[in-house]
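Okay, structure first, notes after.
The values are calculated or read from the model by the stated rules, or taken from the named source; none is laboratory data. Fair warning: this is a prediction, and the values are worked out from it, not measured in the lab. Cβ: placed from backbone, ideal geometry, glycine included. Neighbour counts: every protein chain shown.
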Amino acid sequence: MTAVPAPSAVRAPANSRVREQCGAGVAGWVPDPFPPAFVFSRVSVNAPDGSVRPAKVESGPGFGTNTCTGAVRPASYDEDGEKAAGGPTAPTRSPPLEETTAMPVARFAQHVLSATAAVLAVALFSPAAGKPAPPKWDTVRASSPETVDEMKALQTRVKEVSKKATPATVGLLVGQGAGSGVIINEDGLILTAGHVTGAPRTDLVVVLADGTFVKGVSLGLNDKADSGLARITDKPPKNATWPGAKEGKWPFMEMGKSADLKAGQWVVAMGHPGGPKPERPPPVRVGRYVSTGTFLLSNCTIVGGDSGGPLYDLDGKVVGIHSRIMFTIDANYQVPVDKFQTEWARLLRGDSIGRKSDAALNVIFDEEAKEELKVDSVSEGGAGEKAGLEAGDVIKKFAGNAVTAAIDIREMLSSYNPGDKVKIELDRDGEKKTVELKLAKRTSKQ
């Protein structure tokens, strides 16, 4: 960070207050980080002896101040950078303890206490004791850092999350478009945005953090919620070094609970702005959670190409998926991860949730059959009859997915169109059969 002259030589912004410490110039001021965004800064003070001391950061509404650690004679400046009225403040000291001489016992006790204190002092401040442990950032804290140590603790936590998340944060190439996603289990399932994956069963390319390309396919989506799911179909590259790579496992990040977020809580946004770039890992953006309605709102900066990328809490859990940008790049909507959980089964089997399809099997199911999907009748000349379905057949699987009721078929047909072919596994009088059915177009009577 480039140092600036003392406040008397440089006029501070109207919304900043700067203090000169130890007769030296402050290296910079830090604005209040919320709202709208936060950028990490290193703040230091040049002391008269030429040393550089850390500065304490005191944040307030709309302004920030720097206070030199260990300052003895501070002189304050007003908002315009002019020296304010009032002289230097002298240091204060606690008065010495009174010496007790009334009784020999008291004198002996005083010596014992003094010796004990000396031993403790040696134990605490000897090299063997080491330095005090640096503070750790509370991952659910919703306020700003108040000291340099707290700022460093927040920075350390962000680094830990980003280091762990980078291998699991991927780019997605679908047709002529590009987006982002995050691997959420060792089998290669990817959370992303529905507008990134497009229609279910679409082939796509997954770009790993090191630029490696692997194949994948889109699964289900919800257009209205903008949630989407995809899967990596390739095996990990032979040169992959992450844990479990040799066993065919993918690096992943766990899903958290978006409902547990608190307003002001710090979050980390990752993705591939502008689309995946060779030799560029997913950039890290830091911001705060604002609110949740149908969508989750954060002030993390995201741009085109970040769509589908993950929003992490500081425990490293996925709490949202980037959906769309508002009027400014630091006000953005994410799909709450809880929304994926409520529709997980349908997304996993490849449904287009909310979409109405006119594809049909041309069969009628037995509504009285319980815990099984039984064919009651087959329309003459229809898709079912052409595929070889008969009354009494019990359908076990549709397109590889287990079914037990007619609603299962109706929901899955949402991602199909007339003319699509599907495989149906059935049980006919105890004999297992598999047929291929070409979907027909639904008529007004069906």
Worksheet entry | Matching residues in the range 184-208 - criterion: being more than 12 Å from residue 168 (Cα to Cα) and aliphatic (A, V, I, L, M) | 193, 196, 199, 204, 205
Discussion item. Condition first: acidic (Asp, Glu) and surrounded by 20 or more Cβ atoms within 10 Å (Cβ to Cβ). Now tell me which residues in the range 284-315 satisfy that.
Written reply: 306, 313
Discussion item. Testing residue 431 on (1) under 25 Å from residue 343 (Cβ atoms); (2) more than 40 Å from the chain's Cα centre (by Cα), one condition comes back false. Which one is that?
Written reply: (1)
Worksheet item: From the list 204, 221, 297, 229, which one is assigned to a strand (DSSP E or B), within 14 Å of residue 333 (Cα to Cα) and not small (Gly, Ala, Ser)?
Response: 297
Worksheet, complete the sentence: When every residue in the range 142-172 that is within 20 Å of residue 348 (Cα to Cα) and hydrophobic (A, V, I, L, M, F, W, C) is compared, the one farthest from the chain's Cα centre (by Cα) is 172
Worksheet item: Based on what the data block shows, is residue 393 modelled with pLDDT of 90 or more, touching a strand residue (DSSP E or B) at 6+ places or on another chain (Cβ under 7 Å) and surrounded by 23 or more Cβ atoms within 10 Å (Cβ to Cβ)?
Response: no
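Considering only the range 313-395, give the helices (runs of 4 or more DSSP H) lying wholly within it that have at least 2 residues that are among the β-branched types (Val, Ile, Thr).
Those helices (runs of 4 or more DSSP H) span 337-342.
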Worksheet item: Does the range 229-244 contain any residue that is surrounded by fewer than 17 Cβ atoms within 10 Å (Cβ to Cβ), more than 20 Å from residue 280 (Cα to Cα) and among the small types (Gly, Ala, Ser)?
Response: yes
Worksheet item: Looking at residue 305, is it closer than 20 Å to residue 218 by Cα, touching a Leu at 6+ places or on another chain (Cβ under 8 Å) and not assigned by TED's automatic domain parsing to the domain that holds residue 386?
Response: no
Response to the item:
Output for Cβ contacts, cut-off 6 Å, separation at least six or different chains, first residue surrounded by fewer than 17 Cβ atoms within 10 Å (Cβ to Cβ) in the range 402-421, second in a loop (DSSP other than H, G, I, E, B), reads 404/371; 418/439; 420/439
Discussion item. Condition (residue is assigned by TED's automatic domain parsing to the domain that holds residue 269, crowded, with 22+ Cβ neighbours inside 10 Å and either over 30 Å from residue 254 (Cα atoms) or among the aromatic types (Phe, Trp, Tyr) (or both)) applied to the range 331-345: is it met by at least one residue?
Written reply: yes
Worksheet entry | Selected residue (only one of 351, 358, 366 is in contact with a Pro (Cβ under 8 Å, 6 or more places away or on another chain) and surrounded by fewer than 18 Cβ atoms within 10 Å (Cβ to Cβ)) | 358
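Going through the range 410-437 one residue at a time, which ones are basic (Lys, Arg) and either on the phi > 0 side of the Ramachandran plot or outside any strand (DSSP E or B) (or both)?
Result: 410, single match.
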Worksheet entry | Candidates 286, 267, filtered to the one that is part of a strand (DSSP E or B), under 14 Å from the mean Cα position of the chain (by Cα) and without any contact (Cβ under 8 Å) to a residue 60 or more places away in the chain | 267
Practice prompt. Select from the range 356-388 the residues that are over 19 Å from residue 421 (Cα atoms) and in contact with a helix residue (DSSP H, G or I) (Cβ under 6 Å, 6 or more places away or on another chain) and list them in ascending order.
Written response: 365
